[in-house]
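Let me begin by presenting the structure, written as structure tokens, before commenting on it.
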Amino acid sequence: MLRSTIMAASRNGRIEGLVTRAPVSRSVVKRFVGGADTDAAVDVTRELVADGRTVTLDHLGEDTTDRAQADAATTAYLELLGALEKEQLTERLGLLTARAEVSVKLSAVGQSLGADGEQIAFENARTICAEARRVGATVTLDAEDHTTTDSTLDVLRRLRTEYPETGAVLQAYLRRTESDCRELAYAGSRVRLCKGAYAEPESVAFTRRADIDMSYVRCVNVLLAGAGYPMFATHDPTIIDIVAARAKTHDRAADQFEYQMLYGIRPDEQRRLAREGQIVRVYVPYGAQWYGYLMRRLAERPANLAFFARALVSRG
Ligand code: FDA
């Protein structure tokens, strides 16, 4: 109930106006968002990399409604990749991974622009992949709501013919995902597995928490048994323990898979895993359009609301 109320607020323009204009303490946004512009995002990346973690950066701005916006988002990624290269943050860790890479939502680069949307998104994503390749970084295509899954995986397949290093994201709550994992668990294939963040119907998704968790673990097994490079995106302590145990069973060395967590969430656990020699990638969203992102994080964990409310009334 609380979750759906927060999700409704995330789509309400009036509430967005109120919240974004409120004297929001800088610490709220700072906790979950890596700053409003490229310079701030690069600063956060530098700090995380110096601390032994790796990074994937997401330029905030979904539901692009016109071509100019889609092209502007693409340009923002090109600027970011250039800035990361200049700061020597795109150093390769192995054949498949770099210290810093980018996460792209196809909806932000044109996917929802009518009949040509998929082609526009493909061309923009291809431009970003080309620049990422030039600077030594990689691109991962975020997963959005289930109506876009087929289109996103089609774009992924097309991009991989030229840029096989392009990462996929699969959501364990979708009933189709175990089968998608089997298809994508081939050598050289980077696959991020997450639980899934959108409100989906029973017909396509598991909706009970225990069923989603069981699906996640089945997918962990498929990805670790396969020949690809799995990226386990979760903050769930039980699942993290299961991944560690199964990685051992499957003889996966520390550089043959990675853990991923969101910026500002369980930072101590991120550091603990990194200290143990694991690759830990922090997903850092940045940009002026932080409102929708922040609301999704609050909906996932209403406990964060208290933190948000405190910060809203303070000016710190
Ligand atoms: P869940 O929310 O079920 O929490 C399980 C347990 O984790 C909790 O009981 C608690 O112990 C711990 N925990 C979770 N949040 C915590 C917090 N804030 N503080 C302390 N402990 C906490 N989704 C999507 O649809 N498409 C995508 O492309 C991506 N991409 C993505 C990248 C990365 C790197 C991450 C980490 C996540 C995503 N997601 C995503 C979001 C994902 O689908 C999911 O919504 C969130 O990660 C929350 O799910 P968890 O697996 O963390 O478990």
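The values are calculated or read from the model by the stated rules, or taken from the named source; none is laboratory data. What you see is a predicted model; the values in this text were computed from it and never measured. Here the Cβ positions follow ideal geometry from the backbone for every residue, glycine too, while neighbour counts run over all protein chains shown.
For this structure, a couple of remarks:
- Total residues in region 245-304, condition out of contact with any helix residue (DSSP H, G or I) (no Cβ under 6 Å at 6 or more places or on another chain), away from the ligand (no atom under 16 Å from the Cβ) and among the hydroxyl-bearing types (S, T, Y): 1
- Taking the numbered list (1) closer than 19 Å to T97 by Cα; (2) more than 16 Å from the ligand (Cβ to nearest atom) in turn, M231 passes all entries but (2).
- Which numbered condition G167 misses (of (1) without any contact (Cβ under 8 Å) to a residue 24 or more places away in the chain; (2) crowded, with 22+ Cβ neighbours inside 10 Å): (1)
- L294 being aliphatic (A, V, I, L, M), at pLDDT below 95 and part of a helix (DSSP H, G or I): yes
- Region 145-190, residues that are within 24 Å of R134 (Cβ to Cβ), under 14 Å from the mean Cα position of the chain (by Cα) and hydrophobic (A, V, I, L, M, F, W, C): A168, V169
- Qualifying residue in region 70-80 (condition: more than 27 Å from P164 (Cβ to Cβ) and of a type outside the set (F, W, Y)): yes
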